[in-house]
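> Okay, handing you the structure first.
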Amino acid sequence: MSAPATRTAPSAEACAAADARASFDALRPRLDALVARYPARGAALLPVLWEVQTARGFVTPQSVREIAAYLEIPAAQVEGVVTFYTMFRDRPVGREVVMVCKTLSCRLRGAQDVLDALERKFGIHLGETTKDGRYTIEAAECLGLCDMAPCMLVVDGERFGDLDPEKAVRILEERA
Ligand code: FES
């Protein structure tokens, strides 16, 4: 089921639900405390994004606008950071985000086979989330385990190396 990464935009309902989880005004006291640590408001962009994402689940379009206004920086700058760093998400993800390293060492040692096996196992493509909301499969840049290539990271969990397709599937089955 090898497929290119897909980045389908979140639905309006998903965005509204995320925004409803925490109003920006409710977040403001914590954000103010973060901003106070920096010499310029815009310098607090990364921690502010993290705080908003943690509260809402992902960085919605409304979050981008609100953060830009709050930090007095262009919305394009906020969007650029969200799309650059894999730690930030512009769409809902599963409770477990499985990131397979696709950088050279892992690619040469079978990362694509691992990815294909996970896509088949869960019936989704790269960048998608299972219907039960449990798993999202993503590609990652080097996870710092090149001597154990190919590798994957289960976000909020562990890093696993020396993978082959069967081992990768087994690891996730055993976590279930
Ligand atoms: S290249 Fe995959 S962990 Fe470094």
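> Here is a check on your reading of the model: is Ala139 farther than 30 Å from Arg30 by Cβ, in contact with a strand residue (DSSP E or B) (Cβ under 7 Å, 6 or more places away or on another chain), within 16 Å of the ligand (Cβ to nearest atom) and at pLDDT below 95?
Answer is yes for this residue.
> Something else about it: Hey, Leu108 hits all of (1) surrounded by 15 or more Cβ atoms within 10 Å (Cβ to Cβ); (2) at pLDDT 95 or above; (3) not acidic (Asp, Glu) but one; which does it fall short on?
Of (1) surrounded by 15 or more Cβ atoms within 10 Å (Cβ to Cβ); (2) at pLDDT 95 or above; (3) not acidic (Asp, Glu), only one is false for Leu108: (1).
> Does Asp19 count as of a type in the set (Asp, Glu), in a loop (DSSP other than H, G, I, E, B) and touching a helix residue (DSSP H, G or I) at 6+ places or on another chain (Cβ under 6 Å)?
Taking the combined requirement at face value, the residue does not satisfy it.
> Let me ask something else about it. Can you find a residue in the range 165-173 that is among the charged types (D, E, K, R) and within 16 Å of the ligand (Cβ to nearest atom)?
Within the range 165-173, one or more residues are among the charged types (D, E, K, R) and within 16 Å of the ligand (Cβ to nearest atom).
> Can you spot a residue in the range 94-104 that is within 16 Å of the ligand (Cβ to nearest atom) and within 10 Å of the chain's Cα centre (by Cα)?
Yes: the range 94-104 contains one or more residues that are within 16 Å of the ligand (Cβ to nearest atom) and within 10 Å of the chain's Cα centre (by Cα).
> Run Thr83 past the list (1) hydroxyl-bearing (Ser, Thr, Tyr); (2) within 15 Å of the ligand (Cβ to nearest atom); (3) under 27 Å from Ala55 (Cα atoms) and report the number of the one that doesn't hold.
Looking at each condition in turn, Thr83 falls short on (2).
> Using the structure shown, decide if Ile67 is surrounded by fewer than 19 Cβ atoms within 10 Å (Cβ to Cβ), closer than 30 Å to Val35 by Cα and away from the ligand (no atom under 16 Å from the Cβ).
It is false that Ile67 is surrounded by fewer than 19 Cβ atoms within 10 Å (Cβ to Cβ), closer than 30 Å to Val35 by Cα and away from the ligand (no atom under 16 Å from the Cβ).
> Let me ask you something else. Restricting attention to the range 113-160, which residues are assigned to a helix (DSSP H, G or I) and either surrounded by 15 or more Cβ atoms within 10 Å (Cβ to Cβ) or in contact with a helix residue (DSSP H, G or I) (Cβ under 7 Å, 6 or more places away or on another chain) (or both)?
Asp113, Val114, Leu115, Asp116, Ala117, Leu118, Glu119, Lys121, Phe122, Cys146, Met148
> Filtering the range 96-138 down to residues that are touching a Cys at 6+ places or on another chain (Cβ under 8 Å) and among the small types (Gly, Ala, Ser), which residue is farthest from Glu166 (Cα to Cα)?
Ser105
> Further, regarding this structure: Would you check if Gly133 is away from the ligand (no atom under 16 Å from the Cβ) and farther than 18 Å from Glu173 by Cβ?
Taking the combined requirement at face value, the residue does not satisfy it.
The values are calculated or read from the model by the stated rules, or taken from the named source; none is laboratory data. Given the structure is predicted, the values throughout are model-derived calculations rather than measurements. With ideal geometry, Cβ positions are generated from the backbone for all residues, glycine too; neighbour counts draw on all protein chains shown.
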